[in-house]
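The values are calculated or read from the model by the stated rules, or taken from the named source; none is laboratory data. None of the values given here were measured: they were computed from a predicted structure. Neighbour counts run over all protein chains shown; Cβ positions are idealised from the backbone, glycine included. These accessible areas exclude ligands, DNA and RNA; they are computed on the full protein's heavy atoms, side chains included. Shrake-Rupley method; radii C 1.70, N 1.55, O 1.52, S 1.80 Å.
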Amino acid sequence: MNKVHYKMFKAGKKWMIAGITTVAISTGAFMVNSIDANADVVSNASAYLGTPYQYGGNSFSGIDCSALVQNAYAADGINLPRTSGEQYRVTTQESAADAQYGDLVFFGSYGSDHVGIYSGNGNMINAETVDGVRSRQISVMEKYLGTASYGRVNAATDKAAADKAAADQATDQAAADKAAADQAADQAAADKAAADQAADQAAADKAAADQAAADQAAADKAAADQAAADQAADQAAADKAAADQAAADQAAADKAAADQAAADKVAADKAADQAAVPEAQAPAQLADVNNNQNNNITSVEPEKTDVKPVDNQVVKVVTPTNQKDTLPATGETKNSLLTVIGLGLISFVTLLGFKIRKNN
């Protein structure tokens with residue numbers, strides 16, 4: 001109810017008889033204006049009286065100022081935005097004198113601080129921070145929040161509804177897009193899982209192949225090592241057999257050389273024995289020497305007893321005990337000595353060759 005209508009109503013009461021017609025017109029006008037101003041919205045908001053305030057709340061257990069306005073209009077089939085600033089932008093601004101039931105009362109720049117629903121006679125229903133949902137004089141609120149402004153939900157509401165419908169459609173499309181994206185993500189996840197599984201299988205196959213290759217390589221190396229060891233063993237056996245044969249051959253050669261040397265020595269000894277003059281061939285000289293000793297002769301002139309060789313025998317020259325040289329008797333005796341010396345040289349050379357061969 002605006003102030004003009006309210007004054008007309010009071011004047012009709014004072015001058016009932018005189019102004020009965022005026023009162024009737026005013027009352028009718030009030031009723032029409034109340035219906036046009038969405039009186040049901042005020043009734044819807046009144047249902048929340050006593051509900052505690054809760055920032056961001058949207059139910060009877062707790063609600064804030066813009067949610068109270070949104071719920072009151074939604075119950076009458078009209079959709080409004082959620083915040084007071086957005087609600088300010090979808091209403092038509094009115095003066096305080098033209099305010100009607102259901103109009104919105106805003107505080108702050110562009111309705112950014114607070115919003116309530118006009119309930120007539122300078123009152124509003126709103127959700128206050130301390131007292132929750134209650135009816136309050138607008139003038140009292142202006143002391144704390146500044147001058148109120150008024151907005152009417154009419155043509156702008158249709159635009160808001162259209163915007164809401166478009167927003168809902170966009171939301172539905174976004175939901176559909178999200179569902180498609182989620183499905184694509186699920187498919188991608190499934191594909192990734194399959195790819196990971198394939199990669200794991202490939203890795204397992206590679207590991208198995210690598211292990212098989214490593215095992216085969218190890219087996220091949222073991223076989224090669226065994227073959228090399230067998231070949232080395234065979235070579236060692238062959239080398240040992242050759243060494244044994246060489247040693248046996250060397251031993252046989254050494255034995256043959258030793259036997260030859262022994263034979264040569266026997267021959268040399270025999271030749272030396274043959275070269276010596278038999279004692280029986282010089283009995284006279286031995287007797288003379290013995291006679292001289294028996295006669296205590298202290299000095300004896302050397303005597304030379306020449307004995308001609310018989311049958312190429314070497315003559316043994318017997319001299320007194322103090323004479324050590326042995327003289328040759330004839331040219332044949334010299335030949336025999338040369339023969340002995342030659343045999344000795346042959347034996348020496350043979351033994352020297354044997355030693356050199358043994359050292360090598």
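Spelling out what I want: for every residue of segment 64-80, take phi, set θ = phi - 60°, compute 6.51 cos²θ - 1.76 cosθ + 1.60 (Karplus), and round to whole Hz; glycine and proline get x.
Once rounded to whole Hz, the list reads 10, 5, 6, 5, 4, 4, 4, 5, 5, 6, 4, 5, 9, x, 10, 9, 10.
In nm, give the distance between the simple-model label positions of Thr92 and Asp225, each being 7 Å from the Cα along the Cα-to-Cβ direction.
Result: 10.2 nm between the two label points.
As a test of reading the structure, rank Phe106, Phe354, Phe348 by solvent-accessible area (1.4 Å probe, protein chains only), most first.
Phe348, Phe354, Phe106
Using 0.36 nm per residue, how much length does the chain from Val349 to Tyr144 gain when fully extended, once their Cα-Cα distance is taken away?
59.2 nm
Length gain on complete extension for the stretch Lys255 to Thr171, per 0.36 nm per residue less the alpha carbon to alpha carbon distance?
18.3 nm
State whether segment 55-140 is rounded, prolate or oblate according to the following rule on the C-alpha gyration tensor (a ≥ b ≥ c being the square roots of its eigenvalues): a/c under 1.5 gives rounded; otherwise a/b larger than b/c gives prolate, and the remaining case gives oblate.
It comes out rounded by the Cα gyration axes.
Heavy atoms only, 1.4 Å probe, whole protein assembly: order Arg82, Arg89 by accessible area, highest first. Please list the in-between numbers first.
Working: Arg82 70, Arg89 170 Å².
Sorted by accessible area, descending: Arg89, Arg82.
Work out the FRET efficiency for Ala262 and Ala238 from their Cβ-Cβ distance, taking R0 = 41 Å, and round it to the nearest 0.05.
Efficiency computed from Cβ-Cβ geometry: 0.70.
In terms of the Cα gyration tensor, with a ≥ b ≥ c the square roots of its eigenvalues, is segment 128-275 rounded because a/c is under 1.5, prolate because a/b exceeds b/c, or oblate?
Details: a/c = 12.97, a/b = 5.24, b/c = 2.47.
Judged from the Cα gyration tensor, segment 128-275 comes out prolate (a/c at least 1.5, a/b above b/c).
Once you have the Cα-Cα distance between Asp76 and Ser112, take 0.36 nm times their residue separation minus that, and quote the gain in nm to one decimal.
Values: separation 36, 0.36 × 36 = 12.96 nm, distance 2.42 nm.
Result for the pair: 10.5 nm of gain on full extension.
Do any trypsin sites (Lys or Arg not before Pro) in segment 195-267 lie in a DSSP loop with no more than 16 other beta carbon atoms within 10 Å, and if so, which?
none
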